[in-house]
Amino acid sequence: MSVEGADVVVRLGFRDGLAARRREVRVPVAALRRVDVETSWWRVLRGEPGPGVWAPGRCVGIRHALGGEDFVAVRAGSVVLCLDLGPGAPFGRVAVSVADPEPTARALRAVMPEEPAPAPGAEQRPLLQHEGGTADDHGRPPGAASRTGTGAQQPPLDEERVERANADRIRRDHVIHPDEGREG
């Protein structure tokens, strides 16, 4: 993995190139949003497998994730360099097993844009806990009440609206009398 001009270039070995059906992957430096070193290789795998080789301990190719596609070239037991990308990149994430990830990560962070500009009209959401933030899995800040669970502050019923809604309902007694339903 190297930086060439305005691109981050990942060059694959012969076998990985055959598996991925490409010899290199290029992504714009301007699209870099986050560079991480992941010690658990399987954590970088998101979504469903697409074209590539998905053998136990060796994953190379494109994965179809929720926000787009990811490119992975990882091996079991290796440390993975994970690049999260933003708009203008062909992938949402590029994850590659590299021999010495820390110096490569430092070099990429040095050329990474300082503060990515938000996409026009994009709403900024709070960071979830696994992203280093404090919001829960539903994006609520700490102490925010759930809409449906404990602490849900529901307004009191409006008796007039309830009466109007029930006015046209057909009410039936659900009592079975002992003489009904018998022949004889």
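Legend: calculated FRET efficiency, ARG164 to HIS64, from the Cβ-Cβ distance at R0 = 45 Å, rounded to 0.05, equals 0.35.
In this simple spin-label approximation, GLU4 and ALA107 carry label points 7 Å from Cα along the Cα→Cβ vector, and these lie 1.3 nm apart. Solvent-accessible surface of segment 1-95, averaged per residue with a 1.4 angstrom probe and all protein chains in place: 49 square angstrom. Close amide H contacts of VAL79 (hydrogens built in the peptide plane, cut-off under 5 Å, sequence separation of 5 or more or a different chain): VAL98.
Counting pairs of alpha carbon atoms under 8 Å apart in space and at least six apart in sequence, what relative contact order in percent does segment 14-118 give?
28 percent.
The values are calculated or read from the model by the stated rules, or taken from the named source; none is laboratory data. Keep in mind it's a predicted model, so treat the numbers as computed, not measured. Every residue, glycine as well, gets a Cβ built from its backbone with ideal geometry; the counts of neighbours run over all protein chains shown. These accessible areas exclude ligands, DNA and RNA; they are computed on the full protein's heavy atoms, side chains included. Shrake-Rupley method; radii C 1.70, N 1.55, O 1.52, S 1.80 Å.
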